Amino acid sequence: MKIAIDAMGGDNAPEVVIAGVEKARDANKELTFLLYGDEAKIKPLIHHDERLTIIHTPEKINSDDEPVRAIRRKKQASMVLAAQAVKQGEADAMVSLGSTGALLAAGLFII
């Protein structure tokens, strides 16, 4: 199973997100991950592993962004591109610790 991860979503991202991904990876050898976010911030946090792929995104959705507007305007945001990966069949599921409203909007308008 391939999971798209909004690595920039949530408090203390990407550190907390990557720590969770590594625990899930170690617990289940069947999982692979697409990590969407700022490559310069993510890369130092992971060790090389063919089951982890970083997809650089220049934008992220902040907790104070209006959810629907953010999904529509921030086309290169980590959450938006992770949702598009599910829609396009590049990932089987998506996980985000970011804005709940924006995640709901992504599910409705993208997936």
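Here, each number is a calculation from the coordinates, and none is a lab measurement. Because the structure is a prediction, the values reported are computed rather than measured. Glycine also receives a Cβ, built like all others from the backbone with ideal geometry; neighbour counts cover every protein chain displayed.
Values for this structure:
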quantity	calculated
Linear extension gain, Met1 paired with Asp49, 0.36 nm per residue minus alpha-carbon span	15.7 nm
Under 20 Å from the Cα of Lys2 - lysines, other chains or at least 8 residues apart	Lys23, Lys29, Lys43, Lys87
Percent of beta bridges antiparallel (DSSP, the chain, rounded to nearest 5)	0 percent
Cα centre as origin, Lys/Arg/Asp/Glu Cβ charges: the chain dipole, Debye	300 debye
Intensity falloff of segment 2-109 expressed as log10 I(q)/I(0), Debye formula with alpha-carbon point scatterers, at q = 0.18, 0.19, 0.22, 0.24 Å⁻¹	-0.79, -0.88, -1.16, -1.36
Candidates Lys29, Lys41, Lys60: whichever shows maximal mean-square fluctuation once the chain is modelled as a Gaussian network with Cα springs under 10 Å	Lys29
Helix 100-109 vs. the chain, principal-axis angle (Cα, 0 to 90°, nearest 10)	80 degrees
Given charges at Cβ of Lys, Arg, Asp, Glu: segment 2-109 dipole, positive-most of Ile71, Pro58, Ala24	Ile71
For segment 1-43 and segment 45-98, distance of Cα centres in Å	11 Å
Most mobile listed residue (Pro44, Pro67, Pro14) in the chain, GNM with C-alpha springs under 10 Å	Pro44
Residue with peak Gaussian network fluctuation, the chain [Cα springs, cutoff 10 Å], from Ala82, Ala24, Ala70	Ala24
